[in-house]
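The block underneath contains the structure these notes are about, expressed in structure tokens.
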Amino acid sequence: MSSFDFTAYLAKARNSVEAALDAALGPERPNQLREAMRYSLLAGGKRLRPILCLSACEMTGENPERAMPTAVAIEMIHTMSLIHDDLPAMDNDDLRRGRPTNHKVFGDAIAILAGDALLTRAFEMVSLRSPNIPVERLLKVIAELSLVAGAPGLVGGQVEDLECEGKDVDLDTLEFIHVHKTGALLKASVVCGALIGGAEEKLIESLRTYANSIGLAFQIIDDILDVTSSSEVLGKTAGKDLIADKTTYPKLLGLDESRNKAKDLIGRAKDAIQPWNEKAAPLLALADYIINRDR
Ligand code: GRG
């Protein structure tokens, strides 16, 4: 029986991520830009991606704090993608992380620019604010993040998603959208943490398998929660997929089969890292968290 206390682990990791995010934002000028960046980055959120990054680094035997600038960078890219996703030209949403979306408060132009500033600050965090990490490791992290943020990752997934709205979409296309729009950054979170820790190739490969599975499972659960939960609990508009006429896993497979698919993926993710025993405890618990989450 493992003595790993996940509740305490999660609370501690969240606290240190919150402090690091706060510290990563400086006295940007003008004030409106500073406020818009802080408004979305410090609005809460589960902080799953930075915590995955820290846990993967810890699994290599390295102090997870060394991966904090990378973890912050990843949360910045994620937050930027949420700000842009909510814009009228995209999903046109007015609620995010339990508060009005960035463009509702600051206007479209500032929301776009605050997103741009967070995206570029992310690369600054890795290249200029990651002390005492060998430069080859940082270069690998920058490469990983550039691919994930751009056309081969989030942007490609988002464009496919926009193009598919209101159309009949098959399972392969749905998977393409989710692997790129959601899975890619979750996977990069795990891989980049391991890269900062100097993981050997065998571990990185197992972590890629783990992360592929949790990435897709995360999105399936997201689709399920969109149908079964409320805006109050989610902090974002529930039932949005139906309103926007989007194809989702529950729409294609039904709720039960979607849940089974997510469970199966989480099982596969855990199998991939089980051989690392106690060292894998945080990532094993995070896999369970992804499937059991209510928001
Ligand atoms: C990164 C250059 C660049 C462009 C972004 C807008 C866009 C292109 C992509 C959209 C990506 C997107 C919003 C995907 C949805 C992913 C998802 C399920 C988000 C919700 O994540 P949670 O539940 O949210 O972890 P919190 O608020 O807890 O962090």
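The values are calculated or read from the model by the stated rules, or taken from the named source; none is laboratory data. Values in this document were obtained by computation on a predicted structure and should not be read as measured data. Virtual Cβ from ideal backbone geometry, glycine too; neighbours counted across all protein chains shown. Keep in mind that these areas ignore ligands, DNA and RNA; they rest on the heavy atoms of the full protein, side chains included. Shrake-Rupley method; radii C 1.70, N 1.55, O 1.52, S 1.80 Å.
I'd like the Kirkwood hydrodynamic radius of the range 149-295, using the inverse of the mean 1/r over distinct C-alpha pairs, in Å.
One over the average 1/r among Cα pairs gives 16.0 Å for the range 149-295.
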What nm value, rounded to one decimal, do you get for the distance between Phe4 and Leu242 when each label is placed 7 Å out toward the C-beta? 3.7
Based on the Cα coordinates of the range 7-72, what is the per residue volume of their convex hull in Å³? 76
Add -39500 (n - 2.57) for each DSSP H run of 4 or more in the chain, then divide by its residues: what number comes out at 222 nm, to the nearest 500 deg cm²/dmol? -22000 deg cm²/dmol
Roughly how many whole Å is it from the C-alpha centroid of the range 281-295 to that of the range 194-268? 11
I need two numbers for the range 6-292: Rg to one decimal and Dmax as a whole number, Cα atoms only, in Å. 18.1, 51
Holding the Cα-Cα limit at 26 Å, pick out from Lys12/Lys246; Lys202/Lys270; Lys181/Lys261; Lys46/Lys263; Lys12/Lys140 the pairs that are longer than that. Lys12/Lys246; Lys12/Lys140
With a probe of 1.4 Å, find how much accessible area the range 1-139 has per residue, and write the answer as a whole number in Å². 45
Diffing the range 10-20: the Karplus 3J(HN,Hα) column from phi (6.51, -1.76, 1.60, θ = phi - 60°), in whole Hz with x for Gly and Pro, holds 5, 4, 5, 5, 4, 4, 6, 5, 4, 5, 5
Straight-line reach from Lys104: which lysines have Cα under 19 Å away, leaving out those fewer than 8 places along the same chain? Lys236, Lys240
Tell me, what ³J(HN,Hα) does each residue in the range 250-264 have, in order and in whole Hz, if you take phi through Karplus 6.51 cos²θ - 1.76 cosθ + 1.60 with θ = phi - 60° and put x for Gly and Pro? x, 5, 7, 10, x, 5, 5, 5, 5, 4, 5, 5, 5, 4, 4
Whole-Hz ³J(HN,Hα) for each residue in the range 68-85, computed from phi via Karplus 6.51 cos²θ - 1.76 cosθ + 1.60 with θ = phi - 60°, x for glycine and proline: what do you get? 4, x, 5, 4, 5, 4, 5, 5, 5, 5, 4, 5, 4, 5, 5, 4, 5, 4
For Asn15 and Ala109, compute 0.36 nm times the residue count separating them, minus their Cα-Cα distance, and round to one decimal in nm. 30.7 nm
By average C-beta atoms within 10 angstrom, highest first, the peptides 162-173, 130-141: 130-141, 162-173
Mean Cβ count within 10 Å, highest first, over the residues of peptides 73-84, 207-218: 73-84, 207-218
